[in-house]
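Input: a single structure, listed below in structure tokens.
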Amino acid sequence: MPSYLVVANQTLGGEALAEKVRERIAAGSSAFHVVVPATPPREHATWVEGEARSVAQERLDRALERFRDLGAEADGEVGDADPVQAIGDALRAGHFDEIILSTLPSGRSRWLRRDVLSRVTAMFQLPVTHIVGEPETAGPQ
């Protein structure tokens, strides 16, 4: 059964990512492990790590519920604030066939400005699918 590592934060609840999950499910039995890097909220001038982890955990909980509602076998974790480190940590703990990386559009994405997509593709020797999505709100929906 193919296993997918899904990495997203602000775009985790977006339709673009949900559509990719639906495509993978339609192709056959599959499993998803969702990692939400605990990146600091952009809207705050100051932040604490606990706040970033709390926001990431809320997003993770909602995403796992959505993925399971789509029929996916899904689990996940809050990861390191650095998405590349979070991916590396997840890959050391499990085997995955593909990384699905969801970011905000170019110009709005801190991850793309930090060249996360190219770094992940070069470092981890796995197929990487890049999804561009819109942000979700941090609070309950």
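Miscellaneous remarks
- Once the gyration tensor of the Cα atoms in the chain is diagonalised, the equivalent ellipsoid follows with semi-axes of 22, 17, 14 Å, ordered largest first.
- Distant-in-sequence amide contacts of Phe32, defined by a placed amide H-H separation under 5 Å and a gap of 5 or more residues or a different chain, comprise Tyr4, Glu73, Ala74, Asp75.
- Percentage relative contact order, the chain, counting C-alpha pairs under 8 Å, at least six apart: 34
- Each residue in Ser29, Ser102, Ser3 was given a count of other beta-carbon atoms within 10 angstrom of its own, and listing them fewest first yields Ser29, Ser3, Ser102.
- Convex hull volume of the C-alpha atoms in segment 65-132, normalised per residue: 108 Å³.
Quick note: the coordinates plus some simple rules give every number you see, no bench work behind them. Computed from a predicted model, the values in this text were never measured in an experiment. Ideal geometry is used to build each Cβ from the backbone, glycine not excepted, and the neighbour counts take in all protein chains shown.
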